[in-house]
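Here the structure comes first, spelled out in structure tokens, and everything after it is commentary.
The values are calculated or read from the model by the stated rules, or taken from the named source; none is laboratory data. In this text the structure is predicted, and so the values were computed from the model without any measurement. Positions of Cβ are generated from backbone atoms using ideal geometry, with glycine treated the same way; all protein chains shown enter the neighbour counts. All accessible areas refer to the heavy atoms of the entire protein, side chains included, with ligands and DNA or RNA removed. Shrake-Rupley method; radii C 1.70, N 1.55, O 1.52, S 1.80 Å.
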Amino acid sequence: MWLWLAIGCGRDCTPEIVRPDRDGDGYGLGAPSFACVGPGLANRFDDCDDTDPTIHPDAVDTCNGVDDDCDPTTLEDEVSGVPLFHDGDRDGFGGAPAGSGCPSRGVSLVAGDCDDRDETVFPGAPELCNDGRDDDCDPSTPDDVGRFGTEGYADADDDGYGDPDRPLGRSCEPIGATTGDDCDDGDRLVHPRAREVCNGVDDDCDGLTDEDVLPEWWADADGDTFGGEALGPACESPRPGAVHRGGDCDDARARVYDGAPEHCDGTDEDCDGLVDEDVVDRWYADADGDGWGRTEDWVAGCDPSLGARWGGDCDDTDRNTYPGAPERCGGSASDCDGRTDPCVEGCVWLASATHTFAVRPSDGAVLASLLGRYDTVDRTGGLWTTDGTDVVRRDPGSGVATGWPLADELPEPTTWVECIPNYGSCDGTYYRTDWYCPAHHTSPELGRLAVGTFGELWVPYGERDEVTDYYGYNVGAIESGAGGLMVFDTVDGLRDELAFPWGTLAASAWPVGPDRLWLQQDTELAGLAPGGVEVARVVGERAVDTLDGRMVVLGAAVPRFAGALDGADLGVFEPLDATDALALAPGVVLATLPDGSVVVARGDGVVRELLPAGSANGVVGLGPCP
């Protein structure tokens, strides 16, 4: 038995057994003492955590993982009646009831989720634009168009970009375009993602016009694709023949431009301010003194004493053997073409307005003359021509002519009427006035004849369609219908296999061997392989002759000579206004000029007159001298 004697306490209380109460929850913990109940002392015991006032024997055990009532046997059992709900989408809101107890993963204390499979759907969720789905589980609230809707803009040109001055309001389903940044809603090629082209229009709506696409132009008077006079920027060519690069220090000569090969002529061809430096001119060792040297033995420079100007001599011990030399009789190959040709002494047949005549190219002597014009000459000296439907060969020595009628080989003439509507115009509005019914009359026609590499005769043919209107007068001729080429043996006249089909009437054919044919039609030159397969095309130039597979052509823009093989340029002569030409050798041509004179020209610009003005207006071909 405890016995305390309180003497002189000086206060009105009844002492009793107490324990320290440091958290002030009315329950003590620690060593007992005999004193009056007061601050820091409690007469109720069994506090299991005297640092937390929410933990004591009378506390309610909650779902927090802590023994709130200091009774391990009743851990959280006081809340066993709290209702729980399944939270399948883990959005914090439950749907179907899940019993009672403390909440855990997959259950929630909060109910009201109207779609427990979608974490974006729960009470209080924002109402998105999604075809009326109830995002906030409140059927009375509509989609929040003002917050989540899309602004629409009128899109008159249907390019996907709208007119910023014509908004159509916000909606869940956009009306018109969804962006209002089209700077021209009347042109579907103008919008922010369009490619800027040179047309004076702000195509990409960035406030700039033709930026980064406006080209500079230079005048190109000599046709070498380098310009001299600067013409400034423009979308369209400010002058015919203008080019996009300058650098031409002499726009009157096609061989002078920035980076051009430098030749020994006292001219600054490459426009670097220097003359005849780093020249490309070659001089070839010429042991026999015929003016042609060995191709493999050369030096560059401008001193004529270094050798011959031209290479290609296949026998530098014989001054009568060089490229283009007349073939001497006796099985020689004196022209260095790799073939032993028939005994051809190298006469060129030329044509005037009334005659065809043979000229010796070494001195211009006229050796024979026949009345009439002919297309080509074969290796035996026979001259060939056509009257449109028949082929004729004339022997220049005997004068005997042999005719081959080709009527059975050509398409049959046809006639038909084709009616098409005729239109008139009033104030820019077109309307049909009546029917236009022209009559079509096709007639067969032959093109220019040519003798091939092996002596065969090539005959281009086609149909010419003459159109006559319903009043009975001729209104023009149109080349059309099926065309092609026939090949004949020049000895027996028998036709070989069909060579090359062609869509329209061919003006000229230039055979260059068993596997290549150049065909001229208007201003286009096509290179064909067997079967009519086109392997090359040269546009805007006219063929005049062949030499070992190369085409000698006359340029359209700047009269010139060039060698073209499968469309690739193999060299350009100095400008020479020629009407026709014949290849004598690589780098050497014989040409007729507009005044009727005949010249021999080299690639380095050297021109020698062979016949005076008024002599000839065309070249027939190369054959044996009569």
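Before moving on, here are some points about what is shown:
- Phi to ³J(HN,Hα) by Karplus 6.51 cos²θ - 1.76 cosθ + 1.60 over the stretch 215-220, Hz, x for Gly, Pro: x, 8, 10, 10, 6, 10
- Remark: the stretch 255-319 carries a charge dipole of roughly 180 debye about the Cα centre, counting +1 on each Lys and Arg Cβ and -1 on each Asp and Glu Cβ.
- Projected-area mean, the stretch 188-337, by convex hull of Cα positions, square nanometres: 15.0 nm²
- Available extension along the chain between Glu229 and Asp71 is 46.3 nm, counting 0.36 nm per residue and deducting the alpha carbon span.
- Rounded to the nearest 10 Å², the accessible area of Cys302 at probe 1.4 Å: 60 Å²
- R0 of 60 Å, Cβ-Cβ distance Cys302-Asp158: FRET efficiency to nearest 0.05: 0.30
- Heavy-atom accessible surface of the stretch 224-331: percent carbon and sulfur, 1.4 Å: 51 percent
- q = 0.12 Å⁻¹, the stretch 121-278: log10 I(q)/I(0) [Debye, one scatterer per Cα]: -0.72
- Kirkwood estimate for the stretch 6-143, i.e. one over the average of 1/r between Cα atoms, Å: 18.9 Å
- Net charge of neighbours whose Cβ lies under 11 Å from the Cβ of Gly28, counting Lys and Arg as +1 and Asp and Glu as -1: -3
- Ranking Ala177, Leu189, Cys205 by how far each Cα lies toward the positive end of the dipole of the stretch 159-214 (charges on Cβ) leaves Ala177 at the top.
- For the stretch 24-71, the share of accessible area belonging to carbon and sulfur comes to 57 percent (1.4 Å probe, ligands and nucleic acids excluded).
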